[in-house]
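A.B. asks: Have a look at the structure that comes next, please.
Throughout, read-outs are computed from the coordinates displayed, never taken from laboratory work. Just so you know, these numbers come straight off a predicted model, no measurement behind them. Cβ: placed from backbone, ideal geometry, glycine included. Neighbour counts: every protein chain shown.
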Amino acid sequence: MIEIESVRLAYGDRTVLYNISLSLTERRVGIIGANGSGKSSFARLLNGLVLPSSGAVRVDGLNTRAKGKEVRRKVGFVFQNPDNQIVFPTVAEDLAFGMKNLGLPKDEIARKTDAILARYDMTDLRDHPAHLLSGGQKQLLAISGVLVMDPAYLVLDEPTTLLDLRNTRRVAAALDALDQTVILVTHDLDLLVAFDRVLVFDEGRIVADETPTKALAFYREHMA
Amino acid sequence: MLDLYRPGASPLHRLSPGPKLLAMMLCGTALFLVESLPLVAAALILTLGLYRLAGLPLRLAAAQLRPLAVILVIFFALQYWLSGPLLAAFVVTRLAALILLASLVTLTTRASDMIDTITAALALLRPLGVNPAKVGLAISLALRFIPVLGQITAEVREAQKTRGLERSVIATALPVAIRTLKMADDISDAIEARGYDPRA
């Protein structure tokens, strides 16, 4: 469970999140809102990439301020632009990066690399240069690079924004099949239809916290 | 090294990067000590033989020389003019052998294996304050993001071209610098999110 307790977040004089308190217990949580509404900052709080100016964020009881490293092991994060997330020149090398950081032995890294490549039909791309992958393949690689670290939670910040419809569906299907708790920030409302809970952000506040049907209707009515 | 590696199972592919890098350094030094055209020509032929041993086609060897063809031609012309055809052939043959040898190492070695080896070697410098993991990550980031920076530059130049600013260096350099700095922030976040510990 992720608990957010009276969290306020400010960058200098600019407050981006105001007094947010909630618990995330559902397996699929969607986050929507206009650009600049604070949803990406909120997502970054969940794995300790950003620390609250006041209040606390706890992941399975671990405070992100005191236990940042442990929290990041539990909460994987996928960014909007996979080009900024893939840090090694080839597919297999990039997949190994996170596992090496966890201190996994070489044979386990090789086994998990093979398994994830097979899972996403990318075995032929094992030694392919990352910069030559298609947009969809890059995003699947970015997601795979996080999944091989076995996080309990996966936070994704607009992972389909740069993708075409076909690749968006591919990524959506990949997310749908995950056992992990998924917290998805997106502008693509169709992705959230089958989710358990959707939060609507506006100017640093949560203005709706509902089932997808109600939250999406609220968003279309008030924010569009 | 950017995307040179060609997967394979040859003896050269299986050889760990340390001996390959050492052999490359020794052979490179030896090539500079040799003053005979037949010997450097033999070294070039031997290097091409190693390409075949690695299961790499000779056209791939030619492709390694192509980007430097202009330099090789200029060197040849200068040496021909200054010292005659024999020395010109000697200089260009030696340079070609060196380029092919270095390329052979990168063609048969994964970047990550190369970086691991360099990182392990740098551990000797730890008492001097060198952090081998940081150096290794810096090398891999450079290899990964050189093509990305090229792509960003091409995009910005295209955008400026539509505004008639293709000749303005500032109109290209400034947006590229801003995008690069923003990208650097995101990459830093991404590395942190994937459990990288700079103190390790």
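A.B. asks: Against the longest alpha carbon principal axis of chain A, how many degrees, from 0 to 90 and to the nearest 10, is the axis of helix A:165-176 turned?
C.D. replies: Roughly 80 degrees, rounded to the nearest 10.
A.B. asks: Under unit Cβ charges (Lys, Arg +1; Asp, Glu -1), what dipole magnitude, rounded to 20 debye, does the protein assembly as shown have relative to its Cα centre?
C.D. replies: 940
A.B. asks: Let me ask you something else. State the answer as a single residue: which of B:Pro85, B:Ala61, B:Ser140 lies farthest towards the positive end of the charge dipole of the protein assembly as shown, with beta carbon charges of +1 for Lys and Arg and -1 for Asp and Glu, about the Cα centre.
C.D. replies: B:Pro85
A.B. asks: Same structure, new question: Could you work out, residue by residue across A:9-20, how many beta carbons of other chains sit within 10 Å of that residue's beta carbon, and then give the average as an integer?
C.D. replies: 0
A.B. asks: Binning at 10 Å from 0, report for region A:148-224 what percent of all alpha-carbon pair distances ends up in each bin.
C.D. replies: Reading the bins upward from 0: 17, 48, 31, 4.
A.B. asks: Mind checking the mean number of beta-carbon atoms from other chains within 10 Å of the Cβ atoms in A:70-78?
C.D. replies: That average works out to 2.
A.B. asks: Right, here's the next one. Roughly how many Å is it from the Cα centre of region A:5-25 to that of region A:87-156, as a whole number?
C.D. replies: 33
A.B. asks: Which semi-axis lengths, in whole Å and largest first, follow from the square roots of five times the eigenvalues of the Cα gyration tensor of region A:1-107?
C.D. replies: 27, 17, 13
A.B. asks: Continuing with the same structure: Percent of alpha carbon pairs in the protein assembly as shown separated by more than 31 Å?
C.D. replies: When all Cα pairs of the protein assembly as shown are counted, 51 percent exceed 31 Å.
A.B. asks: What is the mean number of Cβ atoms from other protein chains located within 10 Å of the Cβ atom of each residue in peptide B:135-147, rounded to a whole number?
C.D. replies: 3
A.B. asks: Under unit Cβ charges (Lys, Arg +1; Asp, Glu -1), what dipole magnitude, rounded to 20 debye, does chain A have relative to its Cα centre?
C.D. replies: About 440 debye.
A.B. asks: Could you calculate, for chain B, the ratio of the Cα radius of gyration to the Kirkwood radius, expressed as Rg to Rh?
C.D. replies: Radius of gyration over Kirkwood radius for chain B works out to 1.05.
A.B. asks: For chain A, treating each Cα as an identical point scatterer without solvent, what Debye log10 I(q)/I(0) comes out at q = 0.10, 0.12, 0.15, 0.17 1/Å?
C.D. replies: -0.45, -0.65, -0.99, -1.23
A.B. asks: Can I ask one more? Of A:His131, A:His187, how do they rank once you tally other Cβ atoms within 10 Å and put the fewest first?
C.D. replies: Listing A:His131, A:His187 from fewest to most nearby Cβ atoms yields A:His187, A:His131.
A.B. asks: Contour minus end-to-end for B:Leu60 and B:Leu39, with contour as 0.36 nm per residue of separation and end-to-end as the Cα-Cα distance?
C.D. replies: 5.2 nm is the gain from fully extending B:Leu60 to B:Leu39.
A.B. asks: Right, another one. Connecting C-alpha atoms closer than 10 Å in a GNM of chain B, tell me which of B:Ala97, B:Ala30, B:Ala190 has the biggest fluctuation.
C.D. replies: Its mean-square fluctuation being the largest, the pick is B:Ala190.
A.B. asks: If you don't mind, there's one more thing I want to ask. In region A:136-224, which GluC sites (Glu not before Pro) are in a loop and have at most 16 other Cβ atoms within 10 Å, using DSSP for the loop call?
C.D. replies: For GluC sites (Glu not before Pro) across region A:136-224 that sit outside H, G, I, E and B with at most 16 neighbouring Cβ atoms in 10 Å, the list reads A:Glu203.
A.B. asks: Filter the GluC sites (Glu not before Pro) in region B:101-200 to those in DSSP coil with at most 16 other Cβ atoms within 10 Å of their Cβ, and list the result.
C.D. replies: Answer by residue number: B:Glu166.
A.B. asks: Here's a follow-up. Tell me, what is the FRET efficiency for A:Lys106 and A:Asp176 to the nearest 0.05, using R0 = 41 angstrom and their Cβ-Cβ distance as r?
C.D. replies: 0.80
A.B. asks: May I pose another question? Please list, short to long, the whole-number percent of alpha-carbon pairs of region B:33-112 in consecutive 10 angstrom bins beginning at zero.
C.D. replies: 19, 45, 29, 7, 0
A.B. asks: For the pairs A:Lys69/B:Lys182; A:Lys138/B:Lys182; A:Lys67/A:Lys214, flag any whose C-alpha to C-alpha distance is greater than 29 Å.
C.D. replies: A:Lys67/A:Lys214
A.B. asks: Calculate for chain B the 222 nm mean residue ellipticity that helices alone would give, adding -39,500 (n - 2.57) per DSSP H run of length 4 or more and normalising by residue count, nearest 500 deg cm²/dmol.
C.D. replies: -25500 deg cm²/dmol
A.B. asks: Do any trypsin sites (Lys or Arg not before Pro) in region B:159-200 lie in a DSSP loop with no more than 15 other beta carbon atoms within 10 Å, and if so, which?
C.D. replies: Filter output for region B:159-200: B:Arg163, B:Arg167, B:Arg199.
A.B. asks: Can you figure out the FRET efficiency of B:Val169 with A:Asp114, using R₀ = 56 Å and their beta-carbon distance, to the nearest 0.05?
C.D. replies: After rounding to 0.05, the efficiency reads 0.75.
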